[in-house]
Amino acid sequence: MVRADALSRRKILQRSAGVGGALALGPLLSPAAEAAAAAHAVPAGAAAAKDLYRAIGVRPLINARGTFTILSGSLMLPQVREAIDQASRQYVHLDELADAVGRRLAELTKAEFGLVSSGCAAGMTHATAACVAGGNPDLHVRIPDLAGFQKTEVIIPKHSRNVYEAAISAVGVKIVEVSTRQELEAAIGPQTALVYIMAGPRVDKSELNTKVIAEVAKPRGVPVLVDAAAEILTIPNVHLGYGADLVAYSGGKAIRGPQSAGLLLGREDLVRAAWVHSAPHHGFARGFKVGKEEAMGMLMAVEMWVRRDHDAEYARWESWLRYIARRVSSVQGVTTEVVQPEGLSNRTPSLRILWEEQRLGVSGKTVMDTLYQDEPRIALNQTGGSGRTGVSITPYMLSPGDEKVIARRLVEVLRDPPAPPEPPKPPTVQVGGTWAVKIQYLAGSSTAHRLQLTQSGDKVTGSHTGEFVTRELTGTVSGDTVRLRSVYPESHGDALDFTFTGTVAGGSMRGDLDMGEYLKATWTATRAG
């Protein structure tokens, strides 16, 4: 097994072999675009973009948290923006474009063929359809109704269950979970369409790593798909080298292409079938449309990936972290540590900034929330350990100058922190028992939820039952205020996170509900026993 830390950043790319430096899209770029600053230069027109968003009441932010889709991933490279602009000025036939882009992606990545999808998840959906229906139109138009199909199941090792597998089950397949090689061998049959793997160190260290899965699946004619959404693009591809047949990437993360684009690389027959099962062709996936602009922008991002000086980028990130570390270390009691990445996902150093909450009078969460709410708006991560609190900074998505803004604001907040929240009060109410809950969502409502609570002092435990699933619940009571949280982890292939906050009065409770990615709601509850 190839260890990620055994590969230098330059060796990972292997950018020269087979490419020869002859980049097909070079003539598309204007001299001005070619002369644009390096990959992390502040994008031209950034100030105008800020005005554009503010004009409709949206506050831009400095992203020191990472390539999260909810934070709009990464910023496109100047050359990608130029390619999109050029592509938007002419008409082409999309089947012809897909063929040409696929062949060029093969040259660049050393995979057999490539496809630009409308994001990594869409690429996974098309890959699943390819393995289920093989590009057969008579089957394609029936998806996701797989009645009468031979290939109706997808195997997912327990270590790879995650929220993104919805892109696979959307095709209509049944998910079969396995934990051992023996279970994998027993699960494979004529009905098995593919095996799906979520790439990462957990998989590499597992009994069921990609090599082992490929050894079992390939002799039985079952393709292996790897979800490498947030990873750097390795050339030759690490996962295909391990024996996988297909690998999917996000285009708007490390590769810095369009946020609404992704890549599917691998076996030519399956990738070509995946194109048949994608838009603009009709059927279930018509909504996963990729325009000529995204296709050429994504191709340019890959072209630039083999050109970019990744060692210089990494050194720049580390220099930004050292600058921030020097500035915040001027605050008494603050310590810093640069942490190097493990694996290929979000391969960037990060900076941990720690302090004793009691000494500075502020928690890492409060600092994180304060910087996110203030101006300029800065997105950080909360961290901690060994009885200390703090924040962490990911430089991956920063632009030059952001490090100075972050350092200045951190020093200001740490030296003059906001007032701490009120300390908890002794409980004045008892919430033990069964509660019937009504939730008013942003659109629609539900009366199906139930809370089963047990209270001991200010601590609450119990369960939260929703429409279909029951999850464990924990919480606290302060005075007449209650805070309850239930979590349904993504090890089930889905994830739900509900935080109820509200007040208790007699036999009723009411307040606000935070559902994370599913936004906010309000709730009321009445005793049912």
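The values are calculated or read from the model by the stated rules, or taken from the named source; none is laboratory data. The shown structure was predicted, so the numbers you read here are calculated from the model rather than taken from an experiment. Cβ atoms come from the backbone with ideal geometry, glycine included; neighbour counts cover every protein chain shown. Keep in mind that these areas ignore ligands, DNA and RNA; they rest on the heavy atoms of the full protein, side chains included. Shrake-Rupley method; radii C 1.70, N 1.55, O 1.52, S 1.80 Å.
Side notes on the structure shown:
- Matching entry among V302, V306 (being surrounded by fewer than 24 Cβ atoms within 10 Å (Cβ to Cβ), modelled with pLDDT of 95 or more, part of a helix (DSSP H, G or I) and not aromatic (F, W, Y)): V306
- Within region 262-285, tally of residues that are more than 20 Å from L246 (Cα to Cα) and either touching a Pro at 6+ places or on another chain (Cβ under 7 Å) or among the polar types (S, T, N, Q) (or both): 1
- Of all residues in region 102-123, one or more are within 30 Å of G148 (Cβ to Cβ), aliphatic (A, V, I, L, M) and surrounded by 24 or more Cβ atoms within 10 Å (Cβ to Cβ).
So that you can scan it fast, the table gives a plain yes or no per residue for (1) more than 30 Å from P78 (Cβ to Cβ); (2) in contact with a helix residue (DSSP H, G or I) (Cβ under 8 Å, 6 or more places away or on another chain); (3) charged (D, E, K, R):
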position: S206; (1), (2), (3): yes, yes, no
position: E215; (1), (2), (3): yes, no, yes
position: G262; (1), (2), (3): no, yes, no
position: P280; (1), (2), (3): no, yes, no
position: G283; (1), (2), (3): yes, yes, no
position: M296; (1), (2), (3): no, yes, no
position: M300; (1), (2), (3): no, yes, no
position: V306; (1), (2), (3): no, yes, no
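- Some residue of region 236-255 being in contact (Cβ under 8 Å) with a residue 40 or more places away in the chain, in contact with an Asp or Glu (Cβ under 9 Å, 6 or more places away or on another chain), basic (K, R) and open to solvent by 10 Å² or more (accessible area, probe 1.4 Å): yes
- Considering residues of region 256-289 that are part of a helix (DSSP H, G or I) and open to solvent by 30 Å² or more (accessible area, probe 1.4 Å) only, the residue farthest from G343 (Cα to Cα): V276
- Test: residue in region 276-298 that is at pLDDT 95 or above, more than 21 Å from V203 (Cβ to Cβ) and hydroxyl-bearing (S, T, Y): yes
- Residue within region 454-464 that is within 19 Å of E422 (Cα to Cα), touching a residue at least 12 places away in the same chain (Cβ under 8 Å) and in contact with a strand residue (DSSP E or B) (Cβ under 8 Å, 6 or more places away or on another chain) present: yes
- In region 348-425, counting only strands (runs of 3 or more DSSP E) that sit wholly within it, the ones holding 1 or more residues that are open to solvent by 20 Å² or more (accessible area, probe 1.4 Å) and touching a residue at least 60 places away in the same chain (Cβ under 8 Å) span 381-385.
- Residue check, R326 in a helix (DSSP H, G or I) and of a type in the set (D, E, K, R): yes
- The one condition in (1) part of a helix (DSSP H, G or I); (2) more than 22 Å from K218 (Cα to Cα); (3) in contact with a helix residue (DSSP H, G or I) (Cβ under 8 Å, 6 or more places away or on another chain) that V92 fails to fulfil: (1)
- A search for C-beta distances below 9 Å between a residue of region 79-96 that is more than 17 Å from L115 (Cα to Cα) and any residue that is open to solvent by 70 Å² or more (accessible area, probe 1.4 Å) and among the aliphatic types (A, V, I, L, M), counting only pairs 6+ apart in sequence or on different chains, returns R81/A44; E82/A32.
- Among the candidates T474, T447, residue that is β-branched (V, I, T), within 30 Å of R359 (Cβ to Cβ) and either without any contact (Cβ under 8 Å) to a residue 24 or more places away in the chain or open to solvent by less than 20 Å² (accessible area, probe 1.4 Å) (or both): T474
- In region 154-203, the residues that are surrounded by fewer than 20 Cβ atoms within 10 Å (Cβ to Cβ), out of contact with any helix residue (DSSP H, G or I) (no Cβ under 7 Å at 6 or more places or on another chain) and of a type in the set (D, E): E183
- On the stretch given as region 99-149, residues that are in contact with a Leu (Cβ under 8 Å, 6 or more places away or on another chain), assigned to a helix (DSSP H, G or I), of a type in the set (A, V, I, L, M, F, W, C) and under 25 Å from T192 (Cβ atoms) total 7.
- Selection count, region 491-511, where residues are under 30 Å from I197 (Cβ atoms) and outside any strand (DSSP E or B): 5
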